[in-house]
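Peer 1: The structure under discussion is supplied below as structure tokens; questions concerning it will follow.
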Amino acid sequence: MSSHRQDVVRRLAAPDIAARKGGEPIVCLTAYTAPIAEILDEHCDLLLVGDSVGMVVHGLPNTVGVTMEMMILHGQAVMRGARKAMVVIDMPFGSYEGSAETAYENAARIMKETGAQAVKVESGPTVPDTIHYMVQRGIPVMGHVGLRPQAVLVDGGFKAKGRDIGSHNQILAEAAATTEAGAFAVVVEGVAEGLARDITAAITAPTIGIGASAGCDGQILVTDDMLGLFDWTPKFVRRFAHLRGDIAEAGAKYAAEVRARTFPGDAETYFAKKGSS
Ligand code: KIV
């Protein structure tokens, strides 16, 4: 084997993640850029190019305005940064709900133009048939049940789900239908602990929780939330760093040094070569 071949790292794929059901917890985070993907790659099994990019990076009020072009651009960036982790790309609002055929065409475009291993869809009551159609035609699909951010305008806000028996049973049924349709994993967002545990026990695909207790097969957070870039985060976020304060402090130091003319100094300045005019 040449030294070049030894550098090749096998990227995790849908069957690797599916096989982790009930085993070692599956570690997932969101990523939207090449450098963040490169940094997180060695620590994560799966990087999600979430449509949360619309709110986190582009300042949109919700994910409804996210486009195919945004997902493809950020997907390409993440694929350049990640080597080992599986990369999954969210299908944006309006790109998969209309018909299974349109969903397949948009998913195929995302996969061809980014090289990512799978797409994710928010699996409301009508979506399992579409998941089945896509999986049968070679597209690995991850589902997403519970709090579905793309349904924010119908729901009237981002609210925890499954806290009464009716919604508990409905979300449990949606998770089961998503898995039966062929999803290799299912994100479970913003649900009561009992429901997360019931879904995890009931379905054969691994559950990836966000605001869904420790009772899931893996966990995911929005990276910018867990890095502490925002003043406000939902109850389920733990800040593992406090970058908002660090960035503000760095910005203040830079501004002070520019104003005092102590930046740039000699160390940051090019000088003519010795002997030149
Ligand atoms: O868009 C996103 O980041 C997501 C995660 C919150 C799971 O869907």
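The values are calculated or read from the model by the stated rules, or taken from the named source; none is laboratory data. Bear in mind that the values here come from a model prediction, so they are computed numbers and not experimental data. Here the Cβ positions follow ideal geometry from the backbone for every residue, glycine too, while neighbour counts run over all protein chains shown. When the accessible area is computed, the model is the full protein with side chains, heavy atoms only, and any ligands, DNA or RNA have been set aside. Shrake-Rupley method; radii C 1.70, N 1.55, O 1.52, S 1.80 Å.
Peer 1: With springs only between Cα atoms under 10 Å apart, run a GNM on the chain and tell me which of K112, K253, K21 wobbles the most.
Peer 2: Most flexible of the set in this elastic network: K253.
Peer 1: By the gyration tensor of its Cα atoms, with a ≥ b ≥ c the square roots of the eigenvalues, what is the shape of segment 14-242: rounded for a/c under 1.5, prolate for a/b over b/c, or oblate?
Peer 2: Judged from the Cα gyration tensor, segment 14-242 comes out rounded (a/c under 1.5).
Peer 1: Using a cut-off of 11 Å between beta-carbons, work out the net charge of the residues near V49 (Lys and Arg +1, Asp and Glu -1, V49 not included).
Peer 2: Working: positive: K120; negative: D51, D90.
Once positives and negatives cancel, what remains is -1.
Peer 1: Okay, next question. Considering the zone a paramagnetic label at R80 would reach in this model (a point 7 Å from Cα along the Cα-to-Cβ line), which residues of segment 219-240 have amide N under 13 Å from it?
Peer 2: From segment 219-240, the list is empty.
Peer 1: A follow-up question, please. Evaluate the distance, in nm, between pseudo-label points positioned 7 Å from the Cα of F230 and of V64 along their respective Cα→Cβ axes.
Peer 2: Between F230 and V64, the simple spin-label model gives 1.8 nm.
Peer 1: Report the residues of segment 63-94 in range of a label on L153: point 7 Å along Cα→C-beta, backbone N strictly under 12 Å from it.
Peer 2: It comes to 63-66, 93-94, nothing else.
Peer 1: Distance in nm between label sites at E105 and A241, each 7 Å beyond Cα in the beta-carbon direction?
Peer 2: Once both label points are built, they end up 4.1 nm from each other.
Peer 1: Need one number: the % of Cα-Cα pairs in segment 1-114 sitting beyond the 25 Å mark.
Peer 2: On the way: 1821 of 6441 pairs.
Result for the distance tail: 28 percent.
Peer 1: Against the longest alpha carbon principal axis of the chain, how many degrees, from 0 to 90 and to the nearest 10, is the axis of helix 165-180 turned?
Peer 2: 80 degrees
Peer 1: Based on alpha-carbon atoms only, what is the radius of gyration of segment 168-277 relative to the globular estimate 2.2 N^0.38 Å?
Peer 2: Ratio of Rg to 2.2 N^0.38 Å for segment 168-277: 1.90.
Peer 1: I would also like to ask the following. Testing the spin-label approximation: label points 7 Å from Cα along Cα→Cβ at N169 and T262. State their distance in nm.
Peer 2: It is 6.9 nm.
Peer 1: Enter the accessible area per residue of segment 14-242 (Å², integer; probe 1.4 Å; all protein chains in place).
Peer 2: Per-residue value: 43 Å².
Peer 1: If a/c stays under 1.5 just call it rounded; otherwise compare a/b with b/c (prolate if a/b is bigger, oblate if not). Do that for segment 67-113, with a ≥ b ≥ c from the square roots of the Cα gyration tensor eigenvalues. Don't jump to the answer; show the numbers that get you there.
Peer 2: Values: a/c = 2.61, a/b = 2.07, b/c = 1.26.
It is prolate, given that a/c is not under 1.5 and a/b is the larger ratio.
Peer 1: To continue, here is another question. Over segment 14-242, calculate the relative contact order: mean separation of alpha carbon pairs under 8 Å at least 6 apart, over the residue count, as a percent. Before the final figure, lay out each step's value.
Peer 2: Working: 481 pairs, mean separation 42.8, N = 229.
Result for segment 14-242 is 19 percent.
Peer 1: So what is the relative contact order for segment 1-113, in percent, with contacts set as C-alpha pairs under 8 Å and at least six apart?
Peer 2: Reported relative contact order: 28 percent.
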